[in-house]
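Data first, discussion second: the structure below is written as structure tokens.
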Amino acid sequence: MPDGLVLRDLTVHLRGRVVVRMDRRVAPGEVLTVMGPSGIGKSTLLAAITGTLAPGFAASGRIVLNDRDVTALPAHLRRIGILFQDDLLFPHLDVAGNLGFGLAPGGTRKDRRRQIDAALAEVGLTGFGGRDPATLSGGQRARVALMRTLLSQPEALLLDEAFSRLDAARRDRTRRMVFDTARLRGLPVLMVTHDPDDAAAAGGAVATLGNPAD
Amino acid sequence: MNRLLMLAPVLTVAALLGPVVAGLVGVLRPALFPVTDGPASLAALHGLLEWPGLGPAVRLSVVTGLAATLLSLAIVIGLVAGWSGTRAFRAASRVLSPLLSMPHAAAAFGLAFLIAPSGWVVRAVAPLAGLDRPPDLPIPGDAGGLALIAGLVAKEVPFLLLMTLAALPQANAEGARTLSATLGYGRMTGWIKTVLPQVYAQIRLPVYVVLAYSMSVVDVAMILGPNTPPPLAVQIVRWMADPALGQRNLAAAGSLLQLALVVGAIGAWRLVELAVAAWGRGWASGGRRGQRDGALRFLALGVAALPALAAGGGLAVLALWSVAGYWAFPMLLPADFTATSWMRHAGGLAGAAGNTALIALAATGVALLLTLGCLEAEHRRRRPITAAGLRLLYLPLLVPQIAFLPGLQVLLLHAGADRGAVPVIAAHLVFVLPYVLLSLGDPWRAWDDRFATVAASLGARPRSVLLRVRLPMLLRPVLTAAAVGMAVSVGQYLPTLLIGGGRVATLTTEAVALASGADRRAIGVFALAQTAAALVPFTLAIALPAWFWRNRRGLHA
């Protein structure tokens, strides 16, 4: 039984000063919401988990993902997906190309094409494979970005203010889709947000940074 | 792969500094030890001091250098202070920017064809002035170097303007303009008091580059400068070409003097900067608003248009001469047109164009690889370039070419490595590499790093992020940097001449070699070909990404 994403006293330092510290477990299919004022180190925490900390920062503690200690692994071997507030679809690839980038290598061309088409169908974008991402609406782009991440078969999902750029109606739909998908696939989700509605929709535990008790 | 990448910064420093340091050593030796393995002697320096032309040559170098730099800087400041943020300014920058790629020699020839006694300007006024013969004026080549100064200004204004444009966003020029306007300041006064101090701090090194270049330029001086005596740098080249070996020592001593002059001039410029800054702080807080700057603004715009007119008109008159049949004074246009000049020079043109392309492609290719290596190493180590590193980039542009290339030539001669294109390519690389790095550095660092994070979280290893995400997204700036590198290489005269030992003919060396003659048709052909060689890469750098990403709106500028 995989035990999800475990942050064992994960601490990020900047020149000897503690920036952020977290000691939590996120079970598969659960959402941990991390809230707190800007500049408190929420994005730094995510960078530590993805393995992309900026220079000067140092992390201690362990990151264990489904019994696999990924603390020392480079970013591309951690199998931790991330969605930012911008969809960050690669502008030089079409929609199918973006999804193909996420899809693990291997398989025949036809087989890959089938998986990409299935992914598009799953989020109601059948026939969008050849489109330029810049011509999609914000909600459509968010869905492509989600499927691109899921096709890479991550074992955990991080959300960095992922819904803040969407208008209210789309935000609710996209949010529900992300949480439902994560629950269905048993992905532990760590969500950083400003928006109390996000936390309410997630329905999981909430960790508030900037609180000395945490 | 990784180790190779980490080597890139080391190789870059070696490629930039190796030839400069070796060349300076190679100049010091003959200057101080005129007899091989003999004792140290100041004979070469004495010989230099006894040369009767020394005083005027030094004066020319210093005066033209300072005047060209001061004028160029004043024109750029006037244009940007008076007009930045307006539609006229955007139009002016669009017109001036392509001038940057026009080779110095071609621009100088164009200007010469405009202002010569039988040039277009005189032809235009000849009917009014009742002239049926060209007036007897020593232009270009006036003893005071005025034509030379004009030619340098025409090329350095676009360069400084582009550097200033790059510095404007960081100085928050728009905000400062609004603020100073609401405080009642005139456009120019407000800009100079609030934005200029920040912008100047960023364009200081480019200004020094202009100063060092203008003081020691050879090709433009051979075309537009006086002959008896020429500026010091041209005289050094003459001594280098002299078969009498003793003249080599004289040349080496001259190189040292040229270096000292440039170092002294930059030092003096720095002192004046400090004095002006001290005075300027008092002036800025003095509260004078300078509200009535209307006339001055239009004067600034008019003066800034001159380089564009000179280059555009020059290019037109070069093109006309290249296809001119019979064209007597004071006719404004040739009586008939012919392709004879192009056909007569087709053979020489083809060979020179081939050499030009080979050297430019090789030097730019190596420069691009080293640049990408440096930037990627910087990204992976997550350690941005330091101020010291940036100054290092400028060093080959600050040391006058004529100060170290003669020494490099002598060293290569001793090593028996003075043959073929490879040493020439290495010498071009010294000047191509800084411009490629400076051109690509900003857009490379401005790229959103989160794309790399996303790609890595999708399982892409660093090399794959570079090749499949970052390079395709940055195709346009990469090609632009390559075009800049090609243009720099195409325009190089001295490295090709000295390091090639006169045996490597490029469009530039062929064109400049025609300067002493009077075959305007041949000059038109070669100067036009030289300009085309510099412009074609820029056209491709714009056209290729536009075509390649025609269906990718997110990548349109």
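The values are calculated or read from the model by the stated rules, or taken from the named source; none is laboratory data. Keep in mind it's a predicted model, so treat the numbers as computed, not measured. Backbone-built Cβ (ideal geometry, glycine too); neighbour counts: all protein chains shown. These area figures cover heavy atoms from the full protein model, side chains too; ligands, DNA and RNA do not enter into them. Shrake-Rupley method; radii C 1.70, N 1.55, O 1.52, S 1.80 Å.
Summary of computed values
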quantity	calculated
Shielded residues, segment B:539-557 - accessible-area loss of 40 Å² or more between chain alone and all protein chains, probe 1.4 Å	B:R552, B:R553
Packing-based order for A:95-102, B:13-20, using average beta carbon neighbours within 10 Å, highest first	A:95-102, B:13-20
Rh (Kirkwood; distinct C-alpha pairs) - segment B:481-557, Å	14.3
Peptides B:342-349, A:108-115 ordered by average Cβ neighbours within 10 Å, highest first	B:342-349, A:108-115
Residue-averaged 222 nm ellipticity for chain B, from DSSP H runs of 4+ at -39500 (n - 2.57), nearest 500	-24500 deg cm²/dmol
DSSP bridge pairs, the protein assembly as shown: antiparallel proportion in percent, nearest 5	55
Carbon/sulfur fraction of accessible area - segment B:275-408, other protein chains in place, 1.4 Å, %	70
Extreme residue, positive dipole direction of segment B:290-408, given options B:M343, B:T371, B:G313 (C-beta unit charges)	B:T371
Interface burial for A against B (accessible surface, 1.4 Å probe, total of both chains, Å², rounded to 100)	2400
√(5λ) per eigenvalue of the Cα gyration tensor, segment B:259-367, largest first, Å	46, 28, 13
Alpha-carbon radius of gyration plus Dmax, which is the widest Cα pair, for segment B:389-519 in Å	19.6, 66
Cα centre as origin, Lys/Arg/Asp/Glu Cβ charges: segment A:80-153 dipole, Debye	260
Selection from B:P98, B:A387, B:L555, by position along the positive dipole direction of the protein assembly as shown (Cβ)	B:L555
Listed peptides B:28-41, B:285-298 by packing density, highest first (mean Cβ within 10 Å)	B:28-41, B:285-298
Per residue accessible area of segment A:86-127, 1.4 Å probe, in Å²	48
Cβ charges +1 (Lys, Arg) and -1 (Asp, Glu), total dipole of chain B, debye	2100
Accessible area of chain A belonging to carbon and sulfur atoms, whole % at 1.4 Å probe	51
Convex hull volume per residue in cubic angstrom - Cα atoms of chain B	182
Relative contact order %, segment B:69-167, counting alpha carbon pairs below 8 Å whose residues are six or more apart	40
Rg ratio (alpha-carbon, reference 2.2 N^0.38 Å) - segment A:80-153	0.99
Spread of Cα-to-Cα distances over 10 Å intervals beginning at zero, given as percent, for segment A:88-214	12, 41, 32, 11, 3, 0
Residue-normalised accessible area of segment B:1-87, given per residue in Å² at a 1.4 Å probe	50
Kirkwood Rh in Å, taken over chain A so that all alpha-carbon pairs contribute	17.8
Cα Rg over Rh - segment A:133-198, Kirkwood	0.94
Heavy-atom SASA rank of B:I542, B:I402 (probe 1.4 Å, accessible area, largest first)	B:I542, B:I402
For segment B:290-389: accessible area per residue (Å², 1.4 Å)	50
Cα-only Debye scattering, segment B:1-59: base-10 log of I(q)/I(0) at q = 0.19, 0.24, 0.28, 0.29 Å⁻¹	-0.80, -0.95, -1.02, -1.04
For segment A:43-66, residues shielded by at least 30 square angstrom of accessible area compared with the chain on its own, probe 1.4 Å	A:T52, A:P55
Kirkwood-Stokes translational diffusion coefficient of the protein assembly as shown, alpha-carbon pairs, 20 °C, 1.002 mPa s, µm²/s	72
Helix-only [θ]222 nm of chain A, DSSP H runs n ≥ 4, -39500 (n - 2.57) each, per residue, nearest 500	-10000 deg cm²/dmol
Helical segments meeting 27 Å axial Cα length and Kyte-Doolittle -1.0 threshold in chain B (DSSP H)	B:2-32, B:54-83, B:146-167, B:196-216, B:246-284, B:294-322, B:346-381, B:421-446, B:520-548
Leading residue at positive end of dipole, the protein assembly as shown (Cβ point charges), from B:I223, A:P74, B:G190	A:P74
Antiparallel bridge percentage (DSSP; both residues within chain A; nearest 5)	55
Cα Rg, Dmax (largest Cα-Cα span) when computed across segment A:1-77, Å	12.4, 39
